[in-house]
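The block underneath contains the structure these notes are about, expressed in structure tokens.
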Amino acid sequence: MHEFAISSSGPTDTLYKDLASAAEALVADEPDHIANMANISALIWQYLPDLNWAGFYRVIEDELVLGPFQGKTACIRIAIGKGVCGTAAVTGEAQRVADVHAFPGHIACDADSRSELVLPVKHDGKVVAVLDLDSPSPDRFSMDDQTGLETLINSITPALMSKAE
Ligand code: SME
């Protein structure tokens, strides 16, 4: 077990600095990417308020396959290019969606979701996984959330990759 002194209610930049340090500490001595994805999704779930889902999908052949997550049971396989996650995977770009109902092809795994942030996990320019966060509140995710989480993910990418990648 790990204890982190992280305040979820302070300034956003402090929160993301603290989360990134905690994420680096969590993966530092662990080579297994599934174990690391499990702890990173739990870390985000514990400290980021107002989420109803937080977790990873892994790129396996031509699909996204459900990885470690927190929240309700979810769609297991998503075709690359489909939904918000598949769009992040095919474009390699973050998808910050203020209103999921306005996103063509959004896949409603949890009917409570109103907004969504999906970040690609990239190695050598290739998307190897995506981090998906859902919120029951419309427009939950700011650009500060996006950049804070991108920095976090970029700092631990090698720990989120299978040894085959
Ligand atoms: N809403 C996502 C599907 C995954 S779930 O939200 C966990 C999408 O449209 O890709």
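The values are calculated or read from the model by the stated rules, or taken from the named source; none is laboratory data. None of these values were measured; they are calculated from a predicted model. Cβ coordinates were reconstructed from backbone atoms using ideal geometry, including for glycine residues, and neighbour counts include every protein chain displayed. Quick note on the areas: whole protein, heavy atoms, side chains included, nothing else; ligands and nucleic acids left out. Shrake-Rupley method; radii C 1.70, N 1.55, O 1.52, S 1.80 Å.
Restricting to the stretch 4-13, name every residue that is open to solvent by 60 Å² or more (accessible area, probe 1.4 Å) and either among the charged types (D, E, K, R) or assigned to a helix (DSSP H, G or I) (or both).
Within the stretch 4-13, Asp13 is the sole residue that qualifies.
Could you count how many residues in the stretch 108-138 are out of contact with any Lys or Arg (no Cβ under 6 Å at 6 or more places or on another chain) and open to solvent by 60 Å² or more (accessible area, probe 1.4 Å)?
9
Inside the stretch 45-85, can you point out the residues that are part of a helix (DSSP H, G or I) and buried (at least 20 other Cβ atoms within 10 Å of the Cβ)?
Those that are part of a helix (DSSP H, G or I) and buried (at least 20 other Cβ atoms within 10 Å of the Cβ): Gly83, Val84, Cys85.
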